[in-house]
Amino acid sequence: MAKITVIGSFVVDNVAKMDKFPQTGETVLGTSLEIFLGGKGANQCISVSRLGGDVEMIGMLGNDENGRIFRKLLADEGIAATHVFSCNRPTAVAHVQINAEGQNRICVIASANHEFGFEELDQIDGIIKATELVILQLEMRLDVTKEIIRRAHEYGVKILLNPAPAVKLENEILSLVDYITPNESELALLTGLPTETDEQVIIAANKLLTCGTKTVVVTLGGRGALVAAREGITFIPGYRVSVVDTVAAGDSFNGALAVALMEGKELCEAVRFANAMGALTVQKSGAIPSLHTRVQVDSFMQNNG
Ligand code: RIB
């Protein structure tokens, strides 16, 4: 049984590049339109695999050409996909906009991802029981995701929740999560607190700790990450790199964090490793094409102190 199980989304990204994002009601001329495979679940799973982690993917694809393309990808990457189900709704797609600074805006149409329900959950119950860490995001059905969290906690399985796209979660759920990894805007949404300054981010991260979450890792883009745990607050600086496309940087960060934690790395060391993976991801276009390998991350860390 795989040590790490990702239960999450598959999405085909339709990526338009433009100098600046359009305002409401404005039309802008773009510079390119490309299609990449992505989805937070798939991105996180492939990150784990490329970094040498032992991982299984669980999710829902459409019974269509995009679904077959994703199945081939998982097979090529050597990822177990026995519990990737198929349904009659289409594989999910997203509209992704990228501006000249590499910043992104994303709208996902959930389609097949939201067909993963309690029936499928019952079929994977044994997989959850037998794994060591479950990685979740919020692109699947929220009621099903919450039940996965309850069951994983009951079975003594560690839970890493990437709360994206963010929604407010009850304390009952937050208190079961071992690692939560919001960015600043997701942290604001989760806590109802402002996160514009470092002081505000610390207050908001501490609020999640008081809700019972064991460890909060706030991703701060190129600036790095802030770790809030019972032992205190630690800021882990990021790497200075030139940004091409930020899509999947958060996902690769999560995948790397999971791998490092499962290897027994101490938390701050694991976040340093995750920062390096994220810094490499933003230097390439596309979601899955931008996910680097263990050799590349190790060499990047050696060359960048
Ligand atoms: O986190 C990036 C991902 O979010 C993209 O690949 C897109 O599919 C959305 O799910």
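We did not get these values from a lab; they are worked out from the coordinates using the rules stated. Since this is a predicted model, take the numbers as computed values, not measurements. Note: ideal-geometry Cβ built from the backbone for every residue, glycine included; neighbour counts use all protein chains shown.
Key figures
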quantity: At 1.306 mPa s and 10 °C, Stokes D of segment 207-272 from Kirkwood alpha-carbon radius, µm² per second; calculated: 125
quantity: Sparse-neighbourhood loop sites, GluC sites (Glu not before Pro) in segment 23-98 - DSSP loop, at most 15 other Cβ within 10 angstrom; calculated: Glu26
quantity: Trypsin sites (Lys or Arg not before Pro) restricted to segment 219-305 and DSSP loop, no more than 14 other C-beta within 10 Å; calculated: Arg230, Arg240
quantity: Potential lengthening between Gln200 and Ser185 on full extension [0.36 nm per residue; Cα-Cα distance subtracted]; calculated: 4.2 nm
quantity: Reach of Lys72 by Cα under 25 Å, taken over lysines that are not fewer than 8 positions away in the same chain; calculated: Lys3, Lys40, Lys284
quantity: Among Thr215, Asn254, Ile288 the positive-end extreme of the charge dipole of segment 205-305 (Cβ point charges); calculated: Thr215
quantity: Dipole in debye (nearest 20) - the chain, about Cα centre, beta carbon charges: Lys, Arg +1; Asp, Glu -1; calculated: 320
quantity: Residue-by-residue Karplus 3J(HN,Hα) for segment 85-95, coefficients 6.51, -1.76, 1.60, Hz, glycine and proline x; calculated: 8, 10, 9, 8, 8, x, 4, 4, 10, 9, 9
quantity: Candidates Val227, Val134, Val28: whichever shows maximal mean-square fluctuation once the chain is modelled as a Gaussian network with Cα springs under 10 Å; calculated: Val28
quantity: Förster-model FRET efficiency, 30 Å R0, Met18 and Ala166, C-beta, rounded to 0.05; calculated: 0.75
quantity: Long-range HN-HN contacts of Val93 with modeled amide H, under 5 Å; calculated: Val12, Ile109
quantity: Separation in nanometres of the label points that stand 7 Å from Cα toward Cβ, at Lys72 and Ser175; calculated: 4.9
quantity: Antiparallel DSSP beta bridges within the chain, as percent of all bridges there, nearest 5; calculated: 45
quantity: Translational diffusion of the chain, µm² s⁻¹ [Kirkwood Rh, Cα pairs; Stokes-Einstein; 10 °C; 1.306 mPa s]; calculated: 83
